[in-house]
Amino acid sequence: MPRSDLPFGSEFSPDQVDLPTLLELAEKHRGDISAFEEAIRKQYFERNDTSEENKKKLANNTRLSMIAYGLIERDVSLTEFGKGLYLLRDNLDEFYKQFAQHILLKLKGMSLVQCVLDLEMAGETFTRRKLKRWLNERGIYVPPNGRHDSTMKLWLEKAGVFKDWRVNQDRLAEVAGISIQKFDALATLTKPQRDFLKALANVGGGGPYAWTEITRMAEELYGTEFTEGNVPKTVLYPLERAGYITLQRGTKAPGRGAKPFLVCTTPAFDQSILEPLLEQVESQVNPDLRPLLRQPLANILEKLNSDDRHIAGLALEALAFKLMRLLDLDYVSTRLRGDETGGAEVDLIFQSSRLVFSRWQVQCKNTGRVRLDDVAKEVGLANFLKSNVIVIITTGEISSEARRFATKTMQDTNLCIVVIDGADIKAIRDDPYAIIPVMEREAKTAMRLKTLPHNG
């Protein structure tokens, strides 16, 4: 089972323990794991109605949680962050503010906040099950039965960032040093733009630096490819508009061309904040998809007609997510993205473990017609992916040859092939739950094709 991307937090919520006291105990028993865990057991779990062995396990969980939250080392010595927090234990307002900032910037707390806000903006009823699912879709794994998310929320609540599961955005900006809108904007930066900022952060200081030096560093550190003639247009100007850098024109040397732009950072470029947030953005699955997932299906369908192929590709991916969510399927991975296919197609994998396990292979095509070879390609990949169901979604039509091939495949194999065309999408746009009769229609077709012959 994969490890959680949010820190382990068993027996570590503020409802169970007092953090300033825990830090004092760690400082007192520095280097002595047994003495530290015994002190925790006596302080917090002595009265629990359970066995002595289990009380020791609870105390051990608290120690492990403090390690996961970056407060102590494994030998129960305070980390550098833990030492700083220890010195603030008599100033609780600042104490919890600093701890919350640490969670937001270093422990993927901003991603948790962002996901909660996404649920709210999408008009979804909040449940923790749904939150974990949305986190997993963004590449942030949280165990189904774990309390990692709720423990983190409770610590952020101590600093006023949350009240229940509602986000106080003004307090968030004050604690994190950046607004959620700025964090959202980071997610929409391209990889070259993000890598340029990370390289600039590694250089340190405010500049000025020749942009060619920064791109060379980004190429060496991150393997980023920059097209030299396009860097001003695709990287420098967008980052200047976003407020992270300023540009100065180089002077022209005698007999030579103009010197490259000189880059300086702005007050908005705070390395201590920007670098960890960029890491959070990059750990997410296609973070620039997020704004579309917040929107109604009708808006997504509208963007399929965008002249910008990147936007049209993202809309295709968002369409697949929306439709598969309506079926309560769990996202697994993306095989091809819109920006990698010029907006032509997107392939995603979903699965379900309800009652029986099934894997769904989904292809969206923003084309006028799905042809036989489009279906054949998916059938060929299904064996490799071990898929049970192929879903082909198109804004156009399914050709008669493609339908005949799908029928023949279902007759001869254990695969089910679901085809959703432009007319179906229009019906779903008008009423999202129209996907249910559409899927029932496809299921009845598959059942009819796979009817077992009668003996007799």
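Rounded to a whole number, what % of the accessible area of the range 1-75 do carbon and sulfur atoms account for, probe 1.4 Å?
Carbon-and-sulfur percentage of accessible area, whole number: 41.
In nm, give the distance between the simple-model label positions of S150 and K450, each being 7 Å from the Cα along the Cα-to-Cβ direction.
My value for the distance between the label points is 3.8 nm.
Write down the Kirkwood hydrodynamic radius of the range 15-119, to one decimal in angstroms, obtained as one divided by the mean of 1/r over all alpha carbon pairs.
14.7 Å
Given 0.36 nm per residue, what is the gain on full extension from E397 to W165 after removing their alpha carbon distance, in nm?
Result: 79.2 nm gained on full extension.
Roll a 1.4 Å probe over the protein chains and send me the accessible area per residue for the range 31-159 in Å².
Value for the range 31-159: 45 Å² per residue.
Please work out how much length the chain gains when fully extended from T234 to A201, using 0.36 nm per residue of separation minus the C-alpha to C-alpha distance, in nm with one decimal.
10.0 nm
Could you run the Debye sum over the Cα atoms of the chain, one equal point scatterer each and no solvent, and tell me log10 of I(q)/I(0) at q = 0.09, 0.10 Å⁻¹, two decimals?
-0.75, -0.88
Keeping the other protein chains in place, figure out the carbon and sulfur percent of the accessible area of the range 83-232, with a 1.4 Å probe.
46 percent
Just subtract the alpha-carbon distance of E73 and A423 from 0.36 nm times their residue separation and send over the number in nm, one decimal.
Contour length minus Cα-Cα distance gives 120.1 nm.
Rounded to the nearest 20 debye, what is the charge dipole size of the chain about its Cα centre when +1 sits on each Lys and Arg Cβ and -1 on each Asp and Glu Cβ?
So the dipole magnitude of the chain works out to roughly 780 debye.
Distance between the C-alpha centers of the range 34-86 and the range 260-277? Whole Å please.
38 Å
Once both axes come from the Cα atoms, what is the angle between helix 128-137 and the longest principal axis of the chain, in degrees from 0 to 90, rounded to 10?
Value to nearest ten degrees: 70.
Calculate for the chain the 222 nm mean residue ellipticity that helices alone would give, adding -39,500 (n - 2.57) per DSSP H run of length 4 or more and normalising by residue count, nearest 500 deg cm²/dmol.
-15500 deg cm²/dmol
Taking amide H positions as placed in the peptide plane 1.01 Å from N, state which residues far from V418 in sequence (5 or more) or on other chains have amide H under 5 Å from it.
I390, V391, I392
Using the Cβ atoms and a cut-off under 14 Å, what net charge is assigned to the surroundings of A59, where Lys and Arg are +1 and Asp and Glu are -1?
Combined, the nearby Lys, Arg, Asp and Glu give 0.
The values are calculated or read from the model by the stated rules, or taken from the named source; none is laboratory data. From a predicted model like this one, the values you see are computed outputs, not experimental measurements. Heads up, the Cβs are rebuilt from the backbone with ideal geometry, glycines too, and the neighbour counts pull from every protein chain shown. Calculation scope for accessible area: heavy atoms of the full protein, side chains included, ligands and nucleic acids excluded. Shrake-Rupley method; radii C 1.70, N 1.55, O 1.52, S 1.80 Å.
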